[in-house]
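Taking it in order: structure first as structure tokens, then the write-up.
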Amino acid sequence: MRLTSKYLKKNYLILIVKLLILCLFVFRLIQGSIETSIYRPTIILLIPLIGIFINRKIGWILIQSYFYFLISNIVFPSSSIDFTDYQIVIINVIVFLLLLLFILLMNKQKVSDEFYGIHKTELIGKNIIASMIGISITIILAVLKLRGT
């Protein structure tokens, strides 16, 4: 694979998503080492990081599951958010919409069909699988947090 202008023009959508995941991984790795805390967020980020190197259906599912994981992390704790603090509400809405945008980008035919080989008829099933994985990770982390581990 050569990074030519033709390749970049054809695959810019998926390259943006992959670059975002790499940036998130590096940011969380640096943040974890600065705070000298548990690297749990970085370990969870290994899911889409592995997905960006697998250009098959399973790679697409791993990337999508991470975006669904992030959305479920925003939505579930929102019941405890103080809705009178408009800054927090606006930030959560903006982040939610950005994540939704990335999910829509991954579902575009140019990305899903041409790059990962997922036909339009398979998208709903693959999205359900990815959302179940993402929500399951959120639930597992919530249970671990309640247990204090």
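Throughout, read-outs are computed from the coordinates displayed, never taken from laboratory work. Just so we're clear, the structure is a prediction, and the values are computed from it rather than from any experiment. Cβ atoms come from the backbone with ideal geometry, glycine included; neighbour counts cover every protein chain shown.
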Quick one: angle between helix 12-35 and the longest Cα principal axis of the chain, in degrees between 0 and 90, rounded to 10, please.
30 degrees
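Relative contact order for the chain: what is it in percent, counting Cα pairs under 8 Å that are at least 6 residues apart? Don't skip to the end; give the middle numbers.
On the way: 115 pairs, mean separation 38.8, N = 149.
With pairs under 8 Å counted, the relative contact order is 26 percent.
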Top mean-square fluctuation among Ile71, Ile52, Ile90, Gaussian network model of the chain, C-alpha springs under 10 Å?
Ile90
Could you tally the net charge around Pro48, taking each other residue with its Cβ under 13 Å from the Cβ of Pro48, Lys/Arg +1 and Asp/Glu -1?
+2
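About the Cα centre of the range 63-149, what is the dipole size in debye to 20, counting +1 per Lys and Arg Cβ and -1 per Asp and Glu Cβ, all else neutral? Each step should come with its number before you reach the end.
On the way: 6 positive and 5 negative charges, 39 e Å.
Dipole about the Cα centre, nearest 20: 180 debye.
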Considering only Leu146, Ile30, Ser5, whose Cα is most displaced toward the positive end of the charge dipole of the range 5-147, charges sitting on Cβ of Lys, Arg (+1) and Asp, Glu (-1)?
Ser5
Would you work out the charge dipole size for the chain about its Cα centre, treating the Cβ of every Lys and Arg as +1 and the Cβ of every Asp and Glu as -1, and quote it to the nearest 20 debye?
680 debye
On each of the three principal axes the extent of the alpha-carbon atoms of the chain, given in whole Å and largest first, is 47, 34, 30
From the cross-link list Lys18/Lys126; Lys108/Lys145; Lys57/Lys145; Lys6/Lys108; Lys9/Lys57, the entries with a Cα-Cα span beyond 24 Å are Lys108/Lys145; Lys57/Lys145
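What do you get for trypsin sites (Lys or Arg not before Pro) in the range 54-147 restricted to DSSP loop and a cutoff of at most 14 other Cβ within 10 Å of the site's Cβ?
Arg56, Lys108
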